[in-house]
Amino acid sequence: MNTEEIVVSQKHTVTALVQNESGTINRVVSLFRRRGFSLASFNAGDCEEPGLSRMTFIVEGDLSVVEQVLKQLDKLIDVVECSALPAESSVSRELALIRVQPTAEQRDSLYNLVLEFYGKTPGALGDQIVVEFTGSVAEVEDVIRALKPFQIQEIVRTGVVAMSL
């Protein structure tokens, strides 16, 4: 029997508060590319501090990868602070817009499904309907699977945003 320790790759949430300047996103993303870090999700946007933005990354790897990511981010001059967010003491969400094309007979079922998942239908044009859903990555995946019978035409996802509790 093999007694070697098996290292399991997991997804970890990392946030960084950065200077909101031209080229910052490029420098941060280039760091991930150069170092070969695996990004499952990336999001950036303005935050509560004028002149700063908050970035959220979902990094795939073990704890040593996350530690290396934090060390490398901390070296960038644009980064004010960065940290890993433990799942048990943080909240993370993703927004998905999913355009479906249900048959006339499926419309009532679609609206019932959207209500069941606490989603919204912010737009419809002709026989196409846009479904909006916000939740965890797993919940978004569940909604997408549930919507497959309604002929998914397009999916747009924001990437994860997260904050500590």
Please count how many residues of the range 54-91 are of a type in the set (S, T, N, Q) and without any contact (Cβ under 8 Å) to a residue 24 or more places away in the chain.
1
D46 - would you say it is without any contact (Cβ under 8 Å) to a residue 60 or more places away in the chain, more than 21 Å from T158 (Cα to Cα), surrounded by fewer than 19 Cβ atoms within 10 Å (Cβ to Cβ) and in contact with a strand residue (DSSP E or B) (Cβ under 7 Å, 6 or more places away or on another chain)?
no
Of all the residues that make up the range 113-165, how many are under 18 Å from the mean Cα position of the chain (by Cα) and free of Cβ contacts under 8 Å to residues at least 60 places away in the same chain?
17
Within the range 38-87, the residues that are farther than 22 Å from N20 by Cα and in contact with a Lys or Arg (Cβ under 6 Å, 6 or more places away or on another chain) are A40, E60
By residue number, the members of the range 1-19 that are farther than 23 Å from E88 by Cα and modelled with pLDDT under 90 are M1, N2, T3, E4, E5, I6
Failed condition for P122, given (1) at pLDDT 95 or above; (2) surrounded by 12 or more Cβ atoms within 10 Å (Cβ to Cβ); (3) of a type outside the set (D, E)
(2)
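The values are calculated or read from the model by the stated rules, or taken from the named source; none is laboratory data. As the structure is a computational prediction, the values presented were derived from the model and not from experiment. Note that each Cβ is placed from the backbone with ideal geometry, even for glycine, and that neighbours are counted across all protein chains shown.
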